Amino acid sequence: MNATRWLVDGVVAAGAFGFGMLQMTIAVNLLLPDEFTRLMLGIRALAPSALAITGILLTCLPLIGRERLPWPAFALCTGFWLLFTHLLGIGTFSLAGPLIALFTVAYDRSRTECLMAGILLLCCVLAVPLLTPGPASPFNNLILLQNAILVVAVSLAGYAFHMREDFLEAAEARAQQAEQLQEAERLRAEEALRTADAEASRRVEAERVRIAREVHDITAHSLSAVSIQASAALRLMEADPAAAKDSLEAVRVTAKDALGEMRAMIGVLRGDAPEAQTRPTQGTDRLGDLLDYLESAGIRASVDESGYDKSQVPAYIDIALFGIAREAVTNIVRHSQATHASLRLAVGEGAATLQAIDDGVGMASGEPIAGHGLEGMRERVNVLGGQFEAGAREGGKEGEEGKRGGFALTARIPLAGPQESLHQEGSI
């Protein structure tokens with residue numbers, strides 16, 4: 001790249017030298033071939049003497065370094081032009097070298113430097129008659145005017161090209177900025193797509209967990225009821241065949257209901273469920289089924305709904321409370337060894353509350369709460385912005401591992417829960 005620039009500057013300097021030689025030796029002689037006329041106008045037809053050639057060469061030679069050192073090249077070209085114009089006369093000595101150097105300064109440097117260089121060269125051109133010996137002539141005055149006009153024109157041209165380059169650079173910068181913005185927008189779109197995919201995956205996973213929890217509730221509750229009724233039927237098979245038949249009928253009904261719920265859930269997942277199967281599950285109005293289930297397991301049960309007004313509770317919260325109550329009752333039957341259990345529903349202070357208490361073996365003090373049932377209940381409450389507590393209570397039976405109390409469970413769900421909960425818990 002540097003070699004190319006040197007070569008270009010060398011060609012420019014050679015072109016200026018050739019033009020200067022042409023102007024000195026040919027232009028005047030061809031324009032005014034009559035020697036008497038030239039003498040009358042004060043013009044000397046210069047021959048290519050050694051001094052003249054040297055003068056032209058020295059005014060053009062600094063142009064080789066014009067791009068790297070524009071001000072030194074301009075100063076040398078202008079200085080040599082003044083010197084040899086004084087020695088050889090104003091009429092035929094070329095201003096090509098200084099003009100090219102002026103254009104370079106105007107093009108490469110700032111507006112202030114362009115103005116300074118133009119004024120400096122214009123002053124030199126206008127000062128030439130004071131430095132040149134001999135009387136003034138009309139032709140010399142014409143050349144003087146021509147040179148002054150050329151200085152102004154070259155200064156403006158150089159500055160115009162400078163402004164054009166600035167404009168092109170600004171346009172290119174804007175184009176690059178637009179391209180960067182477009183790339184940033186593309187990256188943001190990709191990030192948004194990845195976020196959307198991640199959110200979709202999260203929702204799918206949450207739905208998978210919800211379905212698994214629902215299946216767990218249905219199967220755990222139904223199979224526990226089936227197991228209890230089947231055990232009762234076996235005990236009564238010989239002593240009271242009629243009662244055993246009733247227990248088996250209860251097994252059949254419970255299994256049928258469980259299969260119906262499972263079939264409805266699978267139909268919803270497949271998208272071919274009838275409208276009746278896609279309606280929301282009934283809520284706390286089915287608490288009587290839970291009482292029957294407890295009593296069929298030999299556990300005395302009671303429900304207190306005196307402080308519960310279902311009309312004040314959104315449907316999705318009521319359904320969630322029933323799901324929690326169903327899971328709590330299943331745990332009491334399967335694990336508590338209780339003789340009495342109670343459920344209490346209440347509405348107050350902007351929240352609906354469910355309490356499930358039994359007098360079974362409970363939990364040892366400090367024993368961690370574990371199990372899919374309790375975790376599922378906790379998830380139901382948390383997703384609705386509520387509070388869930390479960391643990392041992394005072395009083396109860398003597399367990400295998402020492403004195404234990406009963407078990408108490410409390411779920412408190414605000415009536416103004418998250419909007420998203422409608423979608424996440426609507427079919428619990």
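Test Leu102 against the criterion of being within 24 Å of Gly10 (Cα to Cα) and modelled with pLDDT under 90, and give yes or no. Reasoning before the result, please.
Working: within 24 Å of Gly10 (Cα to Cα): yes; modelled with pLDDT under 90: no.
Answer is no for this residue.
Taking interchain pairs and intrachain pairs at least six residues apart, which have beta carbon atoms under 6 angstrom, with the first residue in segment 364-385 and farther than 14 Å from Leu321 by Cα and surrounded by 12 or more Cβ atoms within 10 Å (Cβ to Cβ) and the second among the small types (Gly, Ala, Ser) and modelled with pLDDT of 50 or more?
Pairs that qualify, where the first residue is farther than 14 Å from Leu321 by Cα and surrounded by 12 or more Cβ atoms within 10 Å (Cβ to Cβ) and the partner is among the small types (Gly, Ala, Ser) and modelled with pLDDT of 50 or more, are Ile369/Ala390.
Just give me the residues in segment 413-428 being modelled with pLDDT of 55 or more and either surrounded by fewer than 19 Cβ atoms within 10 Å (Cβ to Cβ) or assigned to a helix (DSSP H, G or I) (or both), in sequence order. Talk me through it step by step, then tell me what you get.
Just the residues of segment 413-428 that are modelled with pLDDT of 55 or more, to begin with: 413-417.
If the condition is that a residue be modelled with pLDDT of 55 or more and either surrounded by fewer than 19 Cβ atoms within 10 Å (Cβ to Cβ) or assigned to a helix (DSSP H, G or I) (or both), then Pro414, Leu415, Ala416 are the ones that fit.
Within segment 302-343, restricting attention to residues that are open to solvent by 20 Å² or more (accessible area, probe 1.4 Å), of a type in the set (D, E, K, R) and modelled with pLDDT of 85 or more, which residue is farthest from Gly283 (Cα to Cα)? Step through it out loud before you land on a result.
Initially, segment 302-343 is screened for residues open to solvent by 20 Å² or more (accessible area, probe 1.4 Å), giving 302-312, 314-316, 331, 333-335, 337, 339-340, 342.
Still in the running and of a type in the set (D, E, K, R): 304-305, 309-310, 334.
Pick out the ones that are also modelled with pLDDT of 85 or more and you get 304-305, 309-310.
Values: Asp304: 15, Glu305: 13, Asp309: 13, Lys310: 10 Å.
Only one residue fits best here, namely Asp304.
Cβ-Cβ below 8 Å, separation at least six or inter-chain, first residue in segment 1-19 and exposed (fewer than 12 other Cβ atoms within 10 Å of the Cβ), second of a type in the set (Ser, Thr, Tyr): which pairs?
Sorted first by the residue in segment 1-19, then by its partner, the list stays empty.
Of all residues in segment 67-105, count the ones that are touching a Phe, Trp or Tyr at 6+ places or on another chain (Cβ under 8 Å) and part of a loop (DSSP other than H, G, I, E, B).
4
Within the bounds of segment 344-355, is there any residue that is modelled with pLDDT under 85, crowded, with 16+ Cβ neighbours inside 10 Å and of a type in the set (Gly, Ala, Ser)?
Start the filter on segment 344-355 by keeping residues that are modelled with pLDDT under 85, which leaves none.
No, segment 344-355 contains no residue that is modelled with pLDDT under 85, crowded, with 16+ Cβ neighbours inside 10 Å and of a type in the set (Gly, Ala, Ser).
Okay, residues lined up against (1) at pLDDT 85 or above; (2) surrounded by fewer than 10 Cβ atoms within 10 Å (Cβ to Cβ); (3) not acidic (Asp, Glu):
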{"position": "Glu190", "(1), (2), (3)": "yes, no, no"}
{"position": "Asp217", "(1), (2), (3)": "no, no, no"}
{"position": "Leu223", "(1), (2), (3)": "no, no, yes"}
{"position": "Ala244", "(1), (2), (3)": "no, no, yes"}
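Of (1) of a type in the set (Lys, Arg); (2) open to solvent by 40 Å² or more (accessible area, probe 1.4 Å); (3) modelled with pLDDT of 85 or more, Arg66 satisfies all except one. Which?
All conditions pass for Arg66, except number (2).
The values are calculated or read from the model by the stated rules, or taken from the named source; none is laboratory data. Predicted model, so just to flag it, every value in this text is computed and none were measured. Here Cβ is always computed from backbone atoms with ideal geometry, including for glycine, and neighbour counts include all displayed protein chains. Heads up: the accessible areas ignore ligands, DNA and RNA and are worked out on the full protein's heavy atoms, side chains in. Shrake-Rupley method; radii C 1.70, N 1.55, O 1.52, S 1.80 Å.
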